[in-house]
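To start, the structure under review is shown below, and the notes come after it.
Just so it is clear, none of the values below were taken in a lab; they were calculated from the coordinates. What you see is a predicted model; the values in this text were computed from it and never measured. Ideal geometry is used to build each Cβ from the backbone, glycine not excepted, and the neighbour counts take in all protein chains shown.
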Amino acid sequence: MIRSETMVEQKLCVTLLSGRTIEQGVGKEQGKSSSLYFEACSMVYMDSGDMKKLGLRNDDNVLVSTDRGSVVLKAVKYPRADMPGLIYIPYGPWANAVCSDATSSIGTPSFKGTPAEVEPARGRIVLSMEELLKSEFGR
Amino acid sequence: MPTVKSVVCPVCGSLCDDIELTVENNEVLKVKYGCAMCESKFLGYKGEHRIKTPLIRKNGSLTPVSMDEAVHKAAEILANANYPILYGWSSTSCEAQRVGVELAEEIGGIMDNTAVVCHGPSILGVQEVGIPTCTLGQIRHRADLIIYWGCDPWSAHPRHLERYTSFTEGRFEKSEWKAYLQKVKAGAGRKKLASLRRGGFVRFQPRVQAPQACSVTGPPQTLKKEGRKLVVIDVRKTMTAEMADYFIQVEPNKDYEVMQTLRALVRDQELDVEKVAGVPVEYLEEVADSLVSCEFGVIFFGMGLTQSAGKFRNIEVAISLVRDLNMRTNFAIMPMRGHFNVTGANVVSAWQSGYPYSVDFSLGYPRYNPGETSSMDVLLRGENDASLVIAADPGANFPKRAVQHMVSKPLIVIDPHMNATAMLGDVVFPSAFVGIEVEGTAYRMDHVPLPLKKVVEPPEGILPDEEILKRILEEVRLIKLQRMKQPVEVAAQ
């Protein structure tokens, strides 16, 4: 079957990167329990073409899953350039819900370059830091 | 209003030392010259997110207690533990770190700092092949080729370009700030023209297309320009990449291949392939030419190399590339350290124990073997039976499985803010902000120690990290002494 260009896909296989953003930096200095930190870290930058493939608009919620777990995040179009096949989550507890903990026997986890899947998660909410910690660690 | 000048900013490893603060009634009111993160820290330190009193988890929730009770509880946990982890240390002073090493030795624990999750691989790479490096002052005045590899200083070290590299006025090299502004204006003009053309307001077509500065569609002319050149190599186009004269976008986890290619090209070897890591070899040839033809070049590298496939091998080959280049010209390399005193944590640990991070005192003498003695691996294997976290937030920045084990055992947290780790802690100490409420020493990313200033008094009852650690250490020694006496007394009875 020839797939139409406009056909919306259910799920996309991507490479997950995590790292710094200036908003995350400002939020962490303001306080990890601040709303600034929550907004800066509970999101995922995606390629505009990839978002179109999944039928997503800016600020729609998505479910990011890896073999380590899954997390609901707000999808935001990466403003600087196209990055098909890549997603970028700022460092924080939301990124660490899905990032690889493989240390290659030297102590440093693989925070960049983890295979992941993204799917739309309309109707599901992004957990606050308290809720996320409670669901993951029971505290 | 009174101003305090030449304040060192306690945020990132750049340690900008030109901050000017307006202070009135023991409160910072205005920040001058700082970046967004600096402003956020100096104005947000007093916010509602501070921990106000020591806390102990009772019946599942954190309850305020006295400092003495918290110190006793923490000391009891550490004195009872067989294999505790003492982790963090990167956002506090060298003076507090020194007490930390003493405490780790006393309780036979693991002394580990945040380098384990960031530039630990860089340290391993340096231990393999050494490091040709210099101070940021040398780079500011002399470097004519700046390379940022796997890092985005615009996001993580916002004033790095302005103070130390491309956009600073050096003695022998001029600032590229004006040229960058012209490039931005020209880019904005092109966009406007294209928009007008799309709307049908302008009909003419330019006869010659201007070259795109940051394009990967063809080898750029910008590498042949006069003055300082800025090259960015990354897996995505960052803001720093937009500022660059040349941006190379490599495929994720393939930096190692690109670096080995550059090593081959610098040695004038020919390659049989057309592309490496998605980058045409002809572009890499252009970069290799500029590497060899510069007067003094520097590579700054970040987490893009240390946290992706290859890890410390990436660093080893990056340093080897710099070593090769030093046969032809002058070159240096430097890691972009994140926390303001993570370099200090490595330095203090190294001068006290002989090793820079992941030091295991459990056998009574320091041992170092990242992978075995690194806090991350110990947590993932579920081996430690208590943790003390200070001046870091592994609750937010460690992978889930490591934190799951951390919270399953007693957890002591020392931090000014209620961060994720403090929310998960069993004993939580509020501490004063180093560099705002307490003075101390911090090491810049180029290993230059700088004095941090005290600009306001800490809130009442809030102690510095160093003081809290000293009190815990004293209490641990007291508990151990009592235990040594107890069997004698029992035997005598």
Notebook entry, point to check: Label A:LYS52 and B:GLU474 with points 7 Å out from Cα along Cα→Cβ: what is the distance between them in nm?
Noted result: 6.8 nm
Check: Rounded, prolate or oblate: which fits region B:35-110 when a ≥ b ≥ c are the square roots of the eigenvalues of the alpha-carbon gyration tensor, with rounded for a/c under 1.5 and prolate only if a/b beats b/c?
Finding: oblate
Check: Considering only the protein assembly as shown, what is the antiparallel percent among its DSSP beta bridges, to the nearest 5?
Finding: 50 percent
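Give the percent of DSSP beta bridges with both residues in region A:12-137 that are antiparallel, rounded to the nearest 5. Before the final figure, lay out the partial values.
On the way: 18 of 27 bridges.
Here the antiparallel bridges make up roughly 65 percent for region A:12-137.
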Check: trypsin sites (Lys or Arg not before Pro) within region B:149-181: which are DSSP loop residues with at most 16 other Cβ atoms inside 10 Å?
Finding: B:ARG171, B:LYS174
Notebook entry, point to check: At q = 0.12, 0.14, 0.24, 0.27 Å⁻¹, what base-10 log of I(q)/I(0) does the Debye formula yield for region B:414-493 when every alpha carbon is treated as an equal point scatterer in vacuo?
Noted result: -0.55, -0.67, -1.11, -1.18
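Averaged across the residues of B:391-399, what count of C-beta atoms belonging to other chains lies within 10 Å of each residue's C-beta?
Details: counts 0, 0, 5, 1, 8, 13, 10, 5, 14.
Taking all residues of B:391-399 together, the mean is 6.
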Checklist line | Rough spin-label spacing in nm, given labels placed 7 Å along Cα→Cβ, for B:ASN25 and B:GLU383 | finding: 5.4 nm
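Before rounding to the nearest 500, sum -39500 (n - 2.57) across all DSSP H runs of length at least 4 in the protein assembly as shown and divide by the residue total; then give [θ] at 222 nm in deg cm²/dmol. Provide the component values of the computation, followed by the final result.
On the way: 24 runs with 231 residues, N = 632.
Using -39500 (n - 2.57) per qualifying helix, the result is -10500 deg cm²/dmol.
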Margin query: Past 20 Å, Cα to Cα: identify those pairs from B:LYS275/B:LYS311; A:LYS134/B:LYS58; B:LYS191/B:LYS237; A:LYS134/B:LYS46; A:LYS28/B:LYS470; A:LYS11/A:LYS134, in the order given.
Written below: B:LYS275/B:LYS311; A:LYS134/B:LYS46; A:LYS28/B:LYS470; A:LYS11/A:LYS134
Check: Got a sec to turn the phi values of region A:48-60 into Karplus ³J(HN,Hα) couplings, 6.51 cos²θ - 1.76 cosθ + 1.60 with θ = phi - 60°, whole Hz, x for Gly and Pro?
Finding: 4, x, 5, 5, 4, 4, 8, x, 9, 10, 3, 6, 6
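For the protein assembly as shown, take the alpha-carbon Rg, divide it by the Kirkwood Rh, and send me Rg/Rh. If you can, show how the numbers build up before the last one.
Working: Rg = 25.4 Å, Rh = 25.7 Å.
My calculation puts Rg/Rh at 0.99.
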Check: Residue by residue through region B:88-93, which ³J(HN,Hα) values in whole Hz follow from phi under the Karplus form 6.51 cos²θ - 1.76 cosθ + 1.60 (θ = phi - 60°), with glycine and proline marked x?
Finding: x, 6, 8, 10, 9, 7
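Could you tally the net charge around B:PRO64, taking each other residue with its Cβ under 12 Å from the Cβ of B:PRO64, Lys/Arg +1 and Asp/Glu -1? Could you put the intermediate results ahead of the total?
Values: positive: B:LYS52, B:ARG57, B:LYS58; negative: B:GLU69.
Net charge in that neighbourhood comes out at +2.
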Note to self: So for each of B:391-398, B:1-8 I average, over its residues, the number of other beta carbons within 10 Å; can you give me the resulting order with the highest mean first?
What the structure shows: B:391-398, B:1-8
Notebook entry, point to check: Sorted by mean Cβ packing within 10 Å, highest first, what order do the peptides B:264-273, A:18-27, A:115-124 take?
Noted result: A:18-27, A:115-124, B:264-273
Checklist line | 10 Å Cβ shell holding at most 14 others, DSSP loop, chymotrypsin sites (Phe, Trp or Tyr not before Pro): longest site-free stretch of chain B | finding: B:205-493
Check: What is the Rg over Rh value, at two decimals, for chain B, using alpha-carbon atoms and the Kirkwood definition of Rh?
Finding: 1.04
Notebook entry, point to check: In Å and whole numbers, how far do the C-alpha atoms of region B:260-384 stretch along each principal axis, longest first?
Noted result: 54, 30, 23
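Summarise the partner chain shielding of B:248-259 as one whole number: the mean count of Cβ atoms from other chains within 10 Å of each residue's Cβ.
Details: counts 0, 3, 0, 4, 8, 5, 1, 0, 0, 0, 0, 0.
That average works out to 2.
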Notebook entry, point to check: When you look at the Cβ of every residue in B:299-311, what mean number of other chain Cβ atoms sits within 10 Å?
Noted result: 4
Next item on the list: Pull up all non-local amide H partners of A:VAL14: gap of 5 or more, or a different chain, and H-to-H distance under 5 Å with H placed in the peptide plane.
Entry: A:ALA116, A:GLU117, A:VAL118
Next item on the list: Scan region B:114-173 for GluC sites (Glu not before Pro) in coil per DSSP, keeping those whose Cβ has at most 12 other Cβ atoms within 10 Å, and list them by number.
Entry: B:GLU169
Next item on the list: Let me know the charge dipole size of chain B about its Cα centre in debye, to the nearest 20, where only the beta-carbon of Lys, Arg (+1) and Asp, Glu (-1) is charged.
Entry: 1860 debye
Checklist line | Using θ = phi - 60° and Karplus 6.51 cos²θ - 1.76 cosθ + 1.60, couplings along region A:18-27 (whole Hz; Gly, Pro as x) | finding: 10, x, 8, 9, 5, 5, 5, x, 5, x
Next item on the list: For A:LYS77, list long-range residues whose amide hydrogen, built 1.01 Å from N in the peptide plane, is under 5 Å from its own amide hydrogen.
Entry: A:MET46, A:ASP59
Checklist line | Long-range amide H partners of A:GLY107 with built H, under 5 Å | finding: B:GLY371
Next item on the list: Can you pull a Stokes-Einstein diffusion coefficient for region B:240-330 at 4 °C (1.567 mPa s), Rh from Kirkwood over Cα pairs, as a whole number of µm²/s?
Entry: 95 µm²/s
Item checked: Full-stretch length increase - B:ASP18, B:LEU271 - with 0.36 nm per residue and alpha-carbon distance subtracted -> 86.3 nm
Check: Say each of A:ASP59 and A:ARG124 gets a label point 7 Å from the Cα, pointing the same way as Cα to Cβ; how far apart are those two points in nm?
Finding: 2.1 nm
Next item on the list: Over all directions, average the projected area of the Cα convex hull of region A:12-137 and note it in nm².
Entry: 7.8 nm²
